[in-house]
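K.L.:
So that we are looking at the same thing, I have put the structure below in structure tokens.
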Amino acid sequence: MKKLWLLGSACALALAASAFAQSGDPLSGTWKGDWGPSASDRNQVTVELKWDGKALTGTVNPGPNAVAIQKATYDTKTKAVRFEADAKGRRGDVHYIVEGTLEAKTMTGSWSHDERRGDFKITKE
């Protein structure tokens, strides 16, 4: 009986540690949503993020036209996320700056490139 109790306690501890580790990483995973300069001009976006506790890395629109994020930061106190990305546009290179705030499984904020500005909202899957 004592061995069964110890085994059950060990399993419960392992599950609790796993849940804690996952809750400690609010960013890693796939995020989907949209961005645009107005309510009528929206663009679908998928963002894959990886947070290792210090560095934030990731990709915008993974696949053949994937764009790596650069200069990415995450402030664990304010839950502020910021990154830049360079993409190929129809008229040449486009430099994006994205700044947002994390709340639960939703990130909202602003994006800009060239003279265009807008907002975004993405949700973690």
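Every number in this text was worked out from the coordinates using simple rules, so none of it is lab data. On a predicted model such as this, the values are computed, not experimentally measured, just so you know. Heads up, the Cβs are rebuilt from the backbone with ideal geometry, glycines too, and the neighbour counts pull from every protein chain shown.
K.L.:
Can you give the net charge of the other residues whose Cβ lies under 11 Å from the Cβ of Arg82, counting K and R as +1 and D and E as -1?
P.N.:
Once positives and negatives cancel, what remains is -2.
K.L.:
Within the range 106-125, find all residues whose amide N lies under 19 Å from a label point positioned 7 Å from the Cα of Asp75 along Cα-to-beta-carbon.
P.N.:
The answer is 106-112, 120.
K.L.:
Around Thr123, what is the net charge, scoring Lys/Arg as +1 and Asp/Glu as -1 over all other residues with Cβ under 14 Å from its Cβ?
P.N.:
Taking every Cβ under 14 Å from that of Thr123, the sum is 0.
K.L.:
Sticking with this one: Of Lys50/Lys105; Lys79/Lys121; Lys54/Lys79; Lys71/Lys105; Lys79/Lys105; Lys79/Lys124, which sit over 19 Å apart, Cα to Cα?
P.N.:
Over 19 Å apart, Cα to Cα: Lys71/Lys105.
K.L.:
How charged is the neighbourhood of Val47? Take every other residue with its Cβ under 10 Å from the Cβ of Val47, and add Lys/Arg as +1 and Asp/Glu as -1.
P.N.:
Residues close to Val47 contribute a combined charge of +1.
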